[in-house]
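The values are calculated or read from the model by the stated rules, or taken from the named source; none is laboratory data. Predicted model, so just to flag it, every value in this text is computed and none were measured. Note that each Cβ is placed from the backbone with ideal geometry, even for glycine, and that neighbours are counted across all protein chains shown. The accessibility values were calculated without ligands, DNA or RNA, using every heavy atom of the protein model including side chains. Shrake-Rupley method; radii C 1.70, N 1.55, O 1.52, S 1.80 Å.
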Amino acid sequence: MKGCSKLTRIKDVKIYKATSQISKSIADATHSISDIAFYVVEIFTNKGTRGQGYLLSFHYSPQAIEGALSDLKTFILEEQYHIYETVKMKKEYEIETEYFGSIGLQRWAVATFNIAMWDAWGHELNQPIWKILGGSNIKIPVYGSGGWLSYTDEELLEEVMDYKKRGFTAVKIKVGSKDIERDIIRIKKVREAVGTNIKIMIDANQGMDVPSAVKLSKLASDMGIHWFEEPIVHDDFSGYEIIRRKTSIALAMGEREYDCTALKELIRRNALDLWQPDIIRIGGVEEWRNSAALASLNNIPVLPHYYKDYDVPLLTTISKPYGAESFDWIDEIIDNRMLIESGYVYPRQGNGWGFRFREEFLNEVK
């Protein structure tokens with residue numbers, strides 16, 4: 001077997017499923033979501049160190065996700081990787097899985113284990129991840145996310161006003177209704193409710209075409225929209241170019257990407273304002289940072305997708321951190337929720353990522 005030195009290596013792995021305490025049915029322009037659920041990977045080392053990583057799964061493909069995680073678990077235990085061999089693990093597993101493709105769920109699994117290995121490494125070194133990577137204890141802006149199309153007007157306004165009361169200075173809501181006028185009405189109601197000092201962003205989740213996205217952008221131009229996320233399908237690069245040329249709205253995308261191909265193409269076309277890497281889809285800490293470096297090199301700020309508990313520490317290590325997205329979904333099922341004040345948050349001071357899932361909410365996957 002490989003990796004049998006006295007250095008810290010992975011000895012055991014457990015896989016769990018957890019469900020948010022505030023799980024409820026929600027919908028955007030392209031998806032209806034019945035559960036807010038997660039898979040959590042926990043690794044154990046020969047020196048007694050633990051590390052956790054998680055992925056957001058909703059209700060989708062549980063058998064496929066569990067299979068991908070279980071297959072990688074077997075591979076990692078056979079190879080007995082040291083906890084710091086994150087790049088080596090990814091490279092060797094992508095060779096192993098090449099026949100069926102190394103992106104998609106295979107990469108989700110790799111990223112989740114990557115994050116758990118980084119967490120274990122942080123605990124082994126008694127340091128937070130952001131310190132290991134040379135980051136600073138700086139505050140990062142966060143925005144309140146949600147505004148689902150399935151909400152009634154009352155639910156929408158209740159959510160954005162709650163964000164405002166909690167000190168958030170920016171909120172994001174969903175657009176992409178079958179009737180553009182409905183989107184405009186919702187944006188107007190939110191603007192009237194939160195006032196002029198709160199930034200409003202909109203997200204179509206790829207649910208519009210170019211003409212409708214241009215039309216919505218122009219109709220909403222006097223309501224102070226800060227940026228427009230995924231107005232159209234993520235690989236319609238010419239469409240992003242057209243929208244950016246024909247409107248004055250800033251464009252954001254990146255959460256669907258498994259590498260930097262789209263980022264490079266949008267940079268070439270001058271068709272992107274904000275880069276939104278998803279740490280799980282893109283393959284873990286190193287790939288997140290590689291994409292952020294490319295974005296920063298081209299003067300595109302980094303605004304990651306969803307995983308604030310990983311993104312905030314990583315944002316403190318790069319040159320152009322723009323902010324992080326905030327949901328409350330895991331707050332009640334972890335031991336150290338991230339504290340947000342006046343629209344900002346500091347990275348946690350604890351070792352590794354600085355939090356763990358509470359055991360009573362973890363259901364082991366056999």
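Observations on the model:
- The alpha-carbon atoms of the chain, seen along their principal axes, cover 63, 41, 39 angstrom, with the largest extent given first.
- Assigned charges on the beta-carbon of Lys, Arg, Asp, Glu; the stretch 132-345 dipole about Cα centre (debye): 860
- Where N is the number of residues in the stretch 57-162, Cα Rg divided by 2.2 N^0.38 Å: 1.47
- Once the Cβ-Cβ distance of ARG269 and ILE22 is raised to the sixth power relative to R0 = 51 Å, the FRET efficiency obtained is 0.80.
- A helix-only calculation puts the chain at -11000 deg cm²/dmol for mean residue ellipticity at 222 nm, using -39500 (n - 2.57) for each DSSP H run of at least four residues, averaged over all residues.
- Residues of type lysines that LYS218 reaches as a straight line, Cα spacing below 16 Å, ignoring anything fewer than 8 places off in the same chain: LYS188, LYS246
- Between PHE58 and LEU7, the modelled labels are 4.0 nm apart [label points 7 Å from Cα along Cα→Cβ].
- Separation in nanometres of the label points that stand 7 Å from Cα toward Cβ, at HIS234 and ASN197: 3.6
- Normalised per residue, the accessible area of the stretch 82-203 is 45 Å², obtained with a 1.4 Å probe and no contribution from ligands, DNA or RNA.
- Legend: translational diffusion of the stretch 109-223 by Stokes-Einstein, Rh = Kirkwood radius over C-alpha pairs, 10 °C, 1.306 mPa s; D = 95 µm²/s.
- Rel. contact order, % - alpha carbon contacts under 8 angstrom, at least six apart, the stretch 132-345: 23
- Rounded accessible area per residue of the stretch 211-366, 1.4 Å, Å²: 39
- With the highest mean first, a sort of the peptides 38-44, 188-194 on other beta-carbon atoms found within 10 angstrom per residue produces 38-44, 188-194.
- Full-stretch length increase - LYS218, ASN126 - with 0.36 nm per residue and alpha-carbon distance subtracted: 28.0 nm
- Per-residue Karplus couplings for the stretch 359-366, computed as 6.51 cos²θ - 1.76 cosθ + 1.60 with θ equal to phi - 60°, are listed in order as 4, 5, 9, 9, 10, 5, 8, 8 Hz, Gly and Pro entered as x.
- 3J(HN,Hα) from dihedral phi, the stretch 140-149, Karplus parametrisation 6.51/-1.76/1.60, rounded to Hz, x for glycine, proline: 10, x, 10, 10, x, 10, x, x, 4, 5
- This model, with +1 at the C-beta of Lys and Arg and -1 at the C-beta of Asp and Glu, gives the chain a dipole about its Cα centre of some 880 debye.
- For the pair SER34 and ASN336, label points projected 7 Å from Cα toward Cβ lie 3.6 nm apart.
- Reduced Cα scattering model of the stretch 132-345, Debye log10 I(q)/I(0), q = 0.09, 0.14, 0.16 Å⁻¹: -0.34, -0.84, -1.10
- Principal-axis analysis of the Cα atoms of the chain puts helix 180-194 at an angle of about 80° to the longest axis.
- Counted residue by residue at 0.36 nm each, then reduced by the alpha carbon distance between them, the extension gain from ILE103 to ASN290 reaches 65.7 nm.
- For the residue pairs LYS172/LYS366; LYS165/LYS264; LYS139/LYS164; LYS131/LYS165; LYS178/LYS199, the alpha carbons lie more than 29 Å apart in LYS172/LYS366; LYS165/LYS264; LYS131/LYS165.
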